[in-house]
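Encoded as structure tokens, the structure appears first; notes follow it.
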Amino acid sequence: MTRGTRNALRPCPACGEGRLEPRQTTQRAEHAGLSEAIPLHYAVCDTCGSELAEAPEAKANKRAMTAFRKRADGLLTGAQMRQARKALGLTQAQAAKLFGGGQVAFSRYENDDITQSEAMDSLVRVCLAQPANLTLLADQKGVSAIFTTDDNWANALVRRHILGIKSALEHQIAPDRVAEPSPQDPLKRHAKVIDIQRWRKAAA
């Protein structure tokens, strides 16, 4: 360890001479029938050898436990909440307006500082599964300009769901005649009237 790196470490409150080096191990946690090894953060003085867990370690340990409890309770973890928000094309402020929880709530959910309610968790999942619900929710909440792409994001995802249904129907009706769609021009994959009529006739 270089002198500069060592000086950047916190001083040891036990001996006043050493510096606290961050360490990590694991501890077994149990909740709601789930048992899992989760990270345990602490620090060791490079002079007196004292093992300490001050505010930074306590915060990291609390977040690790919160994330574990979320998994055990079947909720999205902080990392998954962040991924969901980004997949929906929302900023943290926009997500807070849409899903509730307060001005800085989403930052705390994503950092595993607090746990979202089951209702909020379900609402996020529903918007991910059915993107049209995001548009409806935005209209109800009076949130505008939530889409960050030139092509309307919600319409693009709705189109993707429709294309998936179209492809599944085609495979059920005539699996041997289904050609792979051209990735260069996804708009050509839209269902035409004649396609819909053919599907209805085959399903009748």
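The values are calculated or read from the model by the stated rules, or taken from the named source; none is laboratory data. Here the structure is a predicted model, which means the values were calculated and not measured. Neighbour counts are summed over all protein chains in view; Cβ atoms, including those assigned to glycine, are modelled from backbone coordinates with ideal geometry.
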Helices (runs of 4 or more DSSP H) (entirely within segment 10-119) containing at least 2 residues that are modelled with pLDDT of 95 or more: 55-72, 78-87, 105-110
Filtered residue count, segment 1-18, keeping only those that are touching an Asp or Glu at 6+ places or on another chain (Cβ under 9 Å), more than 29 Å from A67 (Cα to Cα) and surrounded by 15 or more Cβ atoms within 10 Å (Cβ to Cβ): 2
Close pairs (6 angstrom Cβ cut-off, 6 or more residues apart or separate chains): closer than 12 Å to Y42 by Cα in segment 9-30, part of a strand (DSSP E or B) and of a type in the set (G, A, S) anywhere: L20/A43; P22/A43; T26/A37
Residue in segment 58-66 that is exposed (fewer than 14 other Cβ atoms within 10 Å of the Cβ), among the aliphatic types (A, V, I, L, M) and over 30 Å from L123 (Cα atoms) present: yes
Identity of the residue in segment 19-56, acidic (D, E) and closer than 17 Å to K70 by Cβ, that ends up surrounded by the most Cβ atoms within 10 Å (Cβ to Cβ): E36
